[in-house]
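First up is the structure itself, then whatever we jot down about it.
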Amino acid sequence: MENLKLGNFEEIVLLLVGVLYNGAYSVAIVEEYKKQTGKSINISAIHTVLYRLEEKGFLESKLGEAGDFRGGKRKRLFYLTPYALKALEEIASLREQLRSQIPAISIQ
């Protein structure tokens, strides 16, 4: 496994971008985070992580089409790169490998 340097919150944001697929922009990610975790997150925290992941090569972004519903403002949409998909697969594999080594413990 190569040195991915991906934090836990970064991993969650990548997963959320993947879940949202063609609709992954900051507000949608905040809403999906709340839906999936039951916790609120500040949009500036999402922006910080999205741009950091883009700098690391895990995400690509482009401006979407202008829409009447937002006063013509375009959304910046984020997409997983092949590097992100590989990283998520390696992380999931490592987690499963480690989890499978935990001895069965009886919880009373």
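The values are calculated or read from the model by the stated rules, or taken from the named source; none is laboratory data. Keep in mind that this is a model prediction, so the values were computed, not measured. Reconstructed Cβ throughout: ideal geometry from the backbone, glycine too, with neighbour counts over all protein chains shown. Ligands, DNA and RNA are stripped out before the accessible areas are found, and what is left, the full protein with its side chains, is counted by its heavy atoms. Shrake-Rupley method; radii C 1.70, N 1.55, O 1.52, S 1.80 Å.
Key figures
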read-out: Every residue from the range 8-38 that is more than 18 Å from THR48 (Cα to Cα) and free of Cβ contacts under 8 Å to residues at least 40 places away in the same chain; value: VAL19, LEU20, TYR21, LYS35, GLN36, THR37, GLY38
read-out: The one condition in (1) touching a helix residue (DSSP H, G or I) at 6+ places or on another chain (Cβ under 8 Å); (2) open to solvent by less than 60 Å² (accessible area, probe 1.4 Å); (3) modelled with pLDDT under 95 that VAL30 fails to fulfil; value: (3)
read-out: Subset of the range 55-94 [open to solvent by 100 Å² or more (accessible area, probe 1.4 Å), modelled with pLDDT under 90 and among the charged types (D, E, K, R)]; value: GLU65, ASP68, LYS73, ARG74
read-out: Boolean, ILE46 is open to solvent by less than 60 Å² (accessible area, probe 1.4 Å) and touching a Ser or Thr at 6+ places or on another chain (Cβ under 7 Å); value: yes
read-out: Members of the range 8-58 that are assigned to a loop (DSSP other than H, G, I, E, B), touching a Phe, Trp or Tyr at 6+ places or on another chain (Cβ under 9 Å) and on the phi < 0 side of the Ramachandran plot; value: ALA24, TYR25, LYS39, SER40, ILE41, PHE58
read-out: Enumeration of residues in the range 59-69 that are free of Cβ contacts under 8 Å to residues at least 40 places away in the same chain and not in a loop (DSSP other than H, G, I, E, B); value: GLU60, SER61, LYS62, LEU63, ASP68, PHE69
